[in-house]
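> I'd like to ask you about the structure that follows.
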């Protein structure tokens, strides 16, 4: 994907499509987010699945703005793999999960660290796999409390790229919390992990806006809808 010069690029690396058991963003929903300019680059990071993300990534109109990812449940908490070609099995150790992602030349993003209510990895667990970690999420759109500033400080101490992501499970929750690249970009090509890391190294601002109540309830509502469909 070519991004125009001097565009302020809005990136969200943590969203859940209809491919997640608790996700609800459709292909049309992703089209609307991109076509409206609410987001320019989106990772689809479903739980235990990459098939829907792969489907969206093949879409002729928006596929080049989509990164195939997966939110992987390790036996200590969740991590996200980006630029995946094959699904990562759940339930492995953080070390084994990280190695499996890297074998696919993927990137590792740590979502909602230290969030015990949503299976966030602890700092101690992250430190055990620090050599593999590329990005850490320091602002999450579904956090009920103010993001911890000590996570940002810790990330900088360990030379990790920091991002803000929506963790949206519905379209209404997306386009509010994201990473905004604020300086001029000389048309980088996105689609290879090194290009994303280069982009995130540019001057940026982490944007957070609390989503509507329905966005917080979306995972539970989506699970109920899918249960009644079956």
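We did not get these values from a lab; they are worked out from the coordinates using the rules stated. Here the structure is a predicted model, which means the values were calculated and not measured. Cβ placement follows ideal geometry from the backbone for every residue including glycine, while neighbour counts extend to all protein chains displayed.
> Report the FRET efficiency, 1/(1 + (r/R0)^6), for residue 105 and residue 202, where r is their Cβ-Cβ distance and R0 is 22 Å, rounded to 0.05.
0.50
> Right, next: Just rank 133, 207, fewest to most, by other beta-carbon atoms within 10 angstrom.
Least crowded to most crowded, the residues run 207, 133.
> Starting from the 7 Å offset along Cα-to-Cβ, what nm value, one decimal, do you get for the label separation of residue 117 and residue 61?
Taking the simple label geometry, residue 117 and residue 61 are separated by 3.7 nm.
> Oh, and also: For the pair residue 153/residue 28, report the inter-label distance in nm, with labels modelled 7 Å from Cα in the Cβ direction.
In this crude label model, residue 153 to residue 28 measures out at 4.8 nm.
> Could you give the length gained by full extension between residue 127 and residue 144, i.e. 0.36 nm per residue of separation minus their alpha carbon distance, to one decimal place?
Here the answer is 3.6 nm.
> Give the label of the value calculated from the structure for Rg and Dmax of the Cα atoms in Å, choosing from (1) 16.1, 49; (2) 15.6, 45; (3) 17.8, 51.
After the calculation, the listed value that fits is (1).
> What is the spin-label model distance, in nm, from residue 90 to residue 36 if the labels are put 7 Å beyond Cα along the C-beta direction?
3.0
> Here is a follow-up. What's the FRET efficiency of residue 183 with residue 229 using the Cβ-Cβ distance as r and R₀ = 30 Å, to the nearest 0.05?
After rounding, the FRET efficiency stands at 0.05.
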